[in-house]
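One structure is given below, encoded as structure tokens.
The values are calculated or read from the model by the stated rules, or taken from the named source; none is laboratory data. Just so we're clear, the structure is a prediction, and the values are computed from it rather than from any experiment. Backbone-built Cβ (ideal geometry, glycine too); neighbour counts: all protein chains shown. Ligands, DNA and RNA are excluded from the accessible area calculation, which covers all protein heavy atoms including side chains. Shrake-Rupley method; radii C 1.70, N 1.55, O 1.52, S 1.80 Å.
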Amino acid sequence: QVQLVESGGGLVQAGGSLRLSCAASGRSFSSYAMGWFRQAPGKERDFVAAINWRGDNTYYADSVKGRFTISRDNAKNTVYLQMNSLQPEDTAVYYCAAASQYVGYDQSRYRYWGQGTQVTISS
């Protein structure tokens with residue numbers, strides 16, 4: 001069992017930055033791949049970024065490539081999402097999730113989910 005708690009969301013102006021954190025508790029965090037997903041109002045939840053258990057392979061949605069960076073610190077049981085050059089279309093609830101033996105965009109492969117953190121970008 002892995003419990004995930006996101007933090008770091010908030011309201012920022014377009015062009016600004018935020019750093020989301022996802023703290024994990026439970027056993028074997030370092031054995032899980034981690035992902036970030038987001039859900040905008042009235043839309044389905046979408047893949048944002050993922051990172052393998054060692055942190056040496058990362059994957060991004062095309063919409064965030066070059067602006068967002070996913071990273072992890074296994075010693076701190078935490079995964080991060082650094083978000084730069086934020087735009088109003090990045091407004092969403094952001095979720096982190098953990099997957100065993102899979103890393104990528106398929107939400108159905110992620111077993112554990114956090115409650116989400118709201119990110120709002122004003123124009």
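If I take R0 = 22 Å and measure r between the Cβ atoms of residue 102 and residue 12 in this structure, what FRET efficiency does the formula 1/(1 + (r/R0)^6) give, to the nearest 0.05? Efficiency for this residue pair is about 0.10. Dipole orientation for the range 26-116: of the candidates 92, 63, 80, 80 has the Cα lying most toward the positive pole (charges on Cβ; Lys, Arg +1; Asp, Glu -1). Taken one residue at a time, the phi angles of the range 70-85 give Karplus couplings (6.51, -1.76, 1.60, θ = phi - 60°) of 9, 8, 8, 10, 5, 5, 9, 6, 9, 10, 10, 9, 8, 10, 10, 6 Hz. Gly and Pro are set to x.
Taking the 1.4 Å solvent-accessible surface of the range 27-123 as the whole, the part contributed by carbon and sulfur is 42%. A 1.4 Å probe run over the protein chains yields, for the chain, 52 Å² of accessible area per residue, whole-number rounding.
For trypsin sites (Lys or Arg not before Pro), the sites in the range 65-101 that DSSP calls loop and that have at most 15 other Cβ atoms within 10 Å are 65, 67, 76.
The HN-Hα couplings worked out from phi for the range 9-16 by the Karplus form 6.51 cos²θ - 1.76 cosθ + 1.60 (θ = phi - 60°) are x, x, 10, 9, 7, 4, x, x Hz, whole numbers, x standing for Gly and Pro.
For q values of 0.25 Å⁻¹, compute log₁₀ I(q)/I(0) with the Debye formula on a Cα-only model of the range 33-108, without solvent. With no solvent term, the Cα-only Debye profile gives -1.24. Between residue 111 and 98, 99, 100, the built amide H atoms are under 5 Å apart, and every one of these is 5 or more places off in sequence or on another chain. Extension gain for residue 74-residue 61 works out to 2.4 nm (0.36 nm per residue, less the C-alpha to C-alpha distance).
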